[in-house]
Each structure stands twice: as structure tokens, then as C-alpha cells.
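So the structure is just underneath, and the comments pick up after that.
Only the coordinates and a few stated rules stand behind these numbers; no lab work does. What you see is a predicted model; the values in this text were computed from it and never measured. For neighbour counting, all protein chains shown are included, and Cβ atoms are generated from backbone atoms with ideal geometry for every residue, glycine included.
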């Protein structure tokens, strides 16, 4: 039985992670921690988990194998450093940090203590996206996230939204080294971001990751072109294969839980298995660093 702490019980934790943890209690004892005592009590009772306390120190007194960090982004670096320094494996929501220096420091610290530092890039583990990742001979990749009337401050939008299509596109490309990249963004009169894109080339592949926050529809698409046709995944739940004049469609099974379809459950299981069996990081550090590095470069070049 593994002992795993859970820090932060906000919206994402409640929607995407706690339901997954609830199904794993035959092999994991979860200890919940949040500063909100009422929320802590309610959720611990709801999921039959241990309410560890309202301070990080409450988890320090436990013999933890790992910690799942779902706190707000500004707290990520301090929390990850705290637990890695104590020899605890860390799973953390994206982004790991919004400073490339901090991202690098945390991965070095994880390596020093020989512990996992796994960033929650769930789309890599979504079953239909995994089919795209496995395709050979890709030559063009496009991943776009559209939102309805949702302009945001530039840095917030890039690290909260663009990070998803970018990491997915890079996972689809599977570059052996850093690609050549170009960046663009468009802001409205109030200085809020409406569109942003990163175009990259390398190893015979042309790729693009983009967000459109004034698209008029909430739609996420990942498209891959190969010599055998064009493959498109919409909203992680439908895969179409276009070849010559034919189209075949595969949809996620009706019985498949949403958190399986969206990759959260497979990601959590992969991390817990890696902790239990001392196996490789399911989100390879170099690939995560590349995603963060391109976002960092984009902000330094264009955000002013």
C-alpha cells in the first residue's frame, strides 16, 4: 500500500483527480491537505480519505511515497522543491513553473534525489491521442484549442491554455532534439490575448500549436497528416481517418469514463505504477522541459 499526499482540492482536483483516486484506494492511501478546513472535511468524508490537515507540515509527519500537487501555479515551485528535497516523488499540475530557471532547478533536484517529477500532461495519455502519437511517417501536425469569447492576460493564457496544444503537438512530433520555432500572438485593444500560435519544424515535420480565444466555439482538434491519410481527433473523443475519398470514424466507447477518455486516469495510473515499481517517469523530463522552454521563449520575445 502506497502513501500519497494530495495538496490542493480546487476545481481541477475535484473534477479530474479525486474521482480517479477514489477508485485506487485498494492500493493507495491518500492523505488530503488544503487550507480550507470546511472543504477538507467535506471531501475527505465524501471520498472516504484521510484529512491530513490544513498545513503542509501535516504531510511532513507522514511516511509518503509521493505527493500530488494541485495547488495554484504560483505555489508550484515552492511545494515541489519542498517535497523533492525530502525525497518524495512529485506529481504536479501543468505548468511546473512559469520560469525556465525554476523548471530546470526542479528537474535537477529530482535527479539529485533520484525521484520522479511528473507534470500532468493528460492529453499524452488520452487513448485517441495515443493512436496519433503511434502513427509513423508524420509530415504535418496541427493542434488547435478554440474557446468562446475568452480573452485572457497574455502570460495566463499561454501557460494555462496554449501549453495544452503545444505539448500535444510536440508529443505527436516526437522530436529527438529542439525544433526550429516561430511565435505569433494577437491582443485586443485591452491588451488581452485573443490568438497565439507556435509553428515549428524539424526532422521532416511541420507542426503548429495554437489557441483562438474568440473562435465562437469550444473545440479542440489535433490533426496529423501522413502518406496514408489525414487523422483528426476532436475533443479527445472522436477520431476520423481521411484517405482518398473515404472517411472512417472512431468514437470513445459509451461505457468509457470521461476521465479515461481525457487521459487523466491513465496518467495517474502510470505515475502510481512508476512510483510502486521504481520505473521510468511516464512524462519524460526532457519532453516536458521542451514544452516549458518554448513557452518561456515565446513570452520573452512577444509579451511586451
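(i) 0.93; (ii) 1.20; (iii) 1.01: which one is Cα Rg over 2.2 N^0.38 Å as calculated from this entry?
Label (iii) holds the value from this structure.
Work out the FRET efficiency for residue 78 and residue 47 from their Cβ-Cβ distance, taking R0 = 30 Å, and round it to the nearest 0.05.
Details: r = 26 Å, r/R0 = 0.88.
Efficiency for this residue pair is about 0.70.
Using a Gaussian network for the chain with springs between C-alpha atoms less than 10 Å apart, which of these wobbles most: 179, 165, 253?
253
When a footprinting reagent is the concern and you count Cβ atoms within 10 Å, what order do 68, 140 take, fewest first? Please report the intermediate quantities before stating the final value.
Numbers: 68 25, 140 13.
With the sparsest Cβ surroundings first, the list reads 140, 68.
Per the helix-only calculation at 222 nm, which mean residue ellipticity applies to the chain, given -39500 (n - 2.57) for every DSSP H run of n ≥ 4 and division by its residues, nearest 500 deg cm²/dmol? Show your work: numbers first, answer last.
Details: 11 runs with 103 residues, N = 304.
Per the formula, -9500 deg cm²/dmol.
Starting from the Cα of residue 112, step 7 Å along the direction of its Cβ; do the same at residue 58; then give the gap between the two resulting points in nm.
2.9 nm
By how many degrees, between 0 and 90 and to the nearest 10, does the Cα long axis of helix 163-173 differ from the longest principal axis of the chain?
60 degrees
Over the chain, what is the mean sequence separation of C-alpha contacts under 8 Å (at least six apart), divided by residue count, expressed as relative contact order in percent? If you can, show how the numbers build up before the last one.
Working: 587 pairs, mean separation 53.1, N = 304.
Dividing the mean separation by the residue count of the chain yields 17 percent.
Let me see the pair-distance distribution of the stretch 2-119: every alpha carbon pair, 10 Å bin width, integer percents in order.
Binned Cα distances yield the sequence 14, 49, 31, 6.
Per 0.36 nm of contour for each residue apart, how much would the distance between residue 99 and residue 206 grow if the chain were fully extended, relative to their Cα-Cα spacing?
Values: separation 107, 0.36 × 107 = 38.52 nm, distance 2.70 nm.
Going from the current span to full extension adds 35.8 nm.
What length, rounded to one decimal in nm, is gained on full extension from residue 256 through to residue 293, with 0.36 nm per residue of separation minus their alpha-carbon distance?
Working it through step by step, the gained length comes to 9.9 nm.
Rank these for me by crowding, 94, 189, 15, 145, going from fewest to most other beta carbons within 10 Å.
189, 15, 94, 145
May I ask you to compute the full-extension gain from residue 184 to residue 276, defined as 0.36 nm times their residue separation minus their alpha-carbon distance, rounded to one decimal in nm?
Details: separation 92, 0.36 × 92 = 33.12 nm, distance 4.25 nm.
Net length gain for the segment: 28.9 nm.
Got a sec? How would 292, 269, 70 order by Cβ neighbour count within 10 Å, fewest to most? Numbers along the way, then the final one.
Values: 292 25, 269 16, 70 21.
Lowest to highest Cβ neighbour count: 269, 70, 292.
Order these peptides, 111-124, 272-285, by their mean beta-carbon neighbour count within 10 angstrom, highest first.
Values: 111-124: 20.6, 272-285: 16.1.
Order by mean packing, descending: 111-124, 272-285.
State the Cα centre-to-centre distance between the stretch 116-160 and the stretch 201-268 in whole Å.
The stretch 116-160 and the stretch 201-268 have Cα centres spaced 10 Å from each other.
Which of rounded, prolate, oblate describes the stretch 74-153, given a ≥ b ≥ c as roots of the alpha-carbon gyration tensor eigenvalues and a/c under 1.5 marking rounded, otherwise prolate only if a/b is larger than b/c? Present the calculation step by step, with values, prior to reporting the outcome.
On the way: a/c = 2.59, a/b = 1.53, b/c = 1.70.
Judged from the Cα gyration tensor, the stretch 74-153 comes out oblate (a/c at least 1.5, b/c at or above a/b).
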